[in-house]
Amino acid sequence: MDQNLSQYKIFYEVAKAGNISKAAKELYISQPAISKAISKLEDSLQVTLFTRSSRGVQLTPEGELLFKHTQEAFQVLDQGEQELKRIKELNIGQLRIGVSNTLCKYILLPYLKNFIEQYPHIKIMIESQATAKTIAMLEQHTLDVGLIAEPSLRSDLSFIPVMDIRDIFVSTRQYLHHLYQREGAGADLFACGNIMLLDQNNMTRHHVDEYLKETHIEPKQILEVTTMDLLIEFVKIGLGAACVIKELVQKELESGRLVEIPMEVPIPKRTIGFAFRPINHSMALKTFLEFLY
């Protein structure tokens, strides 16, 4: 399009009004400015758009053709403006969230329940996946926000902390009783027990592996499990000792169904929170961040 959009807007309003004076009032510009814009548009297109008389202006056949297309264009623009207005008034939008299965079930769902009650018109899309993929998608601008453990190298992401969590080793009393009965009272749990951990693709597993390396603990028999929920279920039936998030088994610890295995050096705490890019926020993301604060 070679011409300035404002020239088409002036042409459109003059054609609708059939009168330069009326169009000038509608556009809040002078009649000479309108006449100049129309003349410039006609010169650029090398056609005559209006015939002028004492009663006003009339479209030429070329002007009728152009008016048909400008009318369609400005109606589409008007529809777009109305849609944006409706989105703003009703808080309509789309929010894309990345989260692991565990954090989704135990942490994200309560937030979403309250958020949806306040903003029912925002469409929520959940990408349930490994934390590493969530971080990658945030950096690639294909997610709006991710619920993750605070990364040590946060690159260009902003982070709103939600809570601290602790990873601990737990088992049933019966499993420990049978282990020490079989191996002797002074047996090393990590040397002769069945140690259950999340699989090596999991960020929690990386955190635990770093701890084991730093404390020189070397489990001899490791059973890898894909999800935290399965890990908790396996440990509850006495399959071995497992490293789990303490906050997720608090009831079992309080009831005595599970016991925490004391460690000479505790596993460092982790901070869980919402990560997002610090710029170019959608309206839905702005609304969600204001809700978090």
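Okay, here's what the table says:
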item	result
Scan of the stretch 1-55 for residues that are farther than 17 Å from Lys68 by Cβ and among the basic types (Lys, Arg), ordered by number	Lys22, Lys25, Lys36, Lys40, Arg52, Arg55
Qualifying residue in the stretch 131-146 (condition: in a strand (DSSP E or B) and over 18 Å from Leu248 (Cα atoms))	yes
Residue list for the stretch 233-248, restricted to those being surrounded by fewer than 24 Cβ atoms within 10 Å (Cβ to Cβ) and either of a type outside the set (A, V, I, L, M) or in a helix (DSSP H, G or I) (or both)	Glu233, Phe234, Lys236, Gly238, Gly240, Lys246, Glu247, Leu248
Residue list for the stretch 7-18, filter: outside any helix (DSSP H, G or I) and surrounded by 15 or more Cβ atoms within 10 Å (Cβ to Cβ)	none
Breaking point among (1) at pLDDT 95 or above; (2) buried (at least 21 other Cβ atoms within 10 Å of the Cβ); (3) over 22 Å from Leu176 (Cα atoms), for Asn202	(1)
Single unsatisfied condition, Lys68 versus (1) over 13 Å from Val14 (Cα atoms); (2) not in a helix (DSSP H, G or I)	(2)
Which listed residue is touching a residue at least 60 places away in the same chain (Cβ under 8 Å), loosely packed, with under 15 Cβ neighbours inside 10 Å, touching a Leu at 6+ places or on another chain (Cβ under 7 Å) and of a type outside the set (Ser, Thr, Tyr), from Ile122, Ile160, Ile107	Ile160
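The values are calculated or read from the model by the stated rules, or taken from the named source; none is laboratory data. Quantities reported herein were computed from a predicted structural model and do not represent experimental measurements. Backbone-built Cβ (ideal geometry, glycine too); neighbour counts: all protein chains shown.
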